[in-house]
Amino acid sequence: MRAALAIVCTFASQAQAQMACGPAEEVIARHAEINETPDSIGLGADGSQYIVLVNPQTGGWSIVKFNPSGLACLMIVGTDWTTDKTPPGEKM
């Protein structure tokens, strides 16, 4: 039973990862549909670009990894994006 569960979890994780990746142009277009536009860009040690996409009206945000190969993968999404520079733990 445990082996079957492990196999199902592995396939579920692989399917989720596959669904979250695609050609860079398509990923940007999908985020544009929800009014998320690039806010910040950083370069990873592996040569990938990490882009924070933000919807300024809703505060929704996503971080997408753009591989040098042209593949883009959604890494994480969130809410309440702000440009406030208050250090964590201090009152905003």
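The numbers here are math on the coordinates, done by the rules we state, and not lab data. Just so you know, these numbers come straight off a predicted model, no measurement behind them. Ideal geometry is used to build each Cβ from the backbone, glycine not excepted, and the neighbour counts take in all protein chains shown.
The phi torsions of region 52-61, fed into the Karplus equation with coefficients 6.51, -1.76 and 1.60 and a -60° offset, translate into couplings of 8, 9, 10, 9, x, 6, 9, x, x, 8 Hz, rounded to whole numbers, with Gly and Pro shown as x. Karplus-based coupling profile of region 30-41, in residue order and whole Hz: 5, 6, 5, 4, 9, 6, 8, 10, x, 10, 9, 9, with θ = phi - 60° in 6.51 cos²θ - 1.76 cosθ + 1.60 and x standing for Gly or Pro.
Scanning residues 5 or more positions from G60 or on other chains, those with amide H under 5 Å from its amide H are N55, D80, W81, with H placed 1.01 Å from N in the peptide plane. Considering only DSSP states other than H, G, I, E and B, which trypsin sites (Lys or Arg not before Pro) in region 33-92 qualify as loop sites with at most 11 other Cβ atoms within 10 Å? Counting only loop positions with at most 11 other Cβ atoms within 10 Å, the trypsin sites (Lys or Arg not before Pro) in region 33-92 are K85, K91.
Between E26 and T79, the modelled labels are 2.9 nm apart [label points 7 Å from Cα along Cα→Cβ].
Scalar couplings 3J(HN,Hα) for region 70-85, obtained by applying the Karplus form with A = 6.51, B = -1.76, C = 1.60 to θ = phi - 60°, are x, 8, 10, 10, 6, 9, 6, 10, x, 10, 6, 5, 9, 9, 4, 9 Hz; x denotes Gly and Pro.
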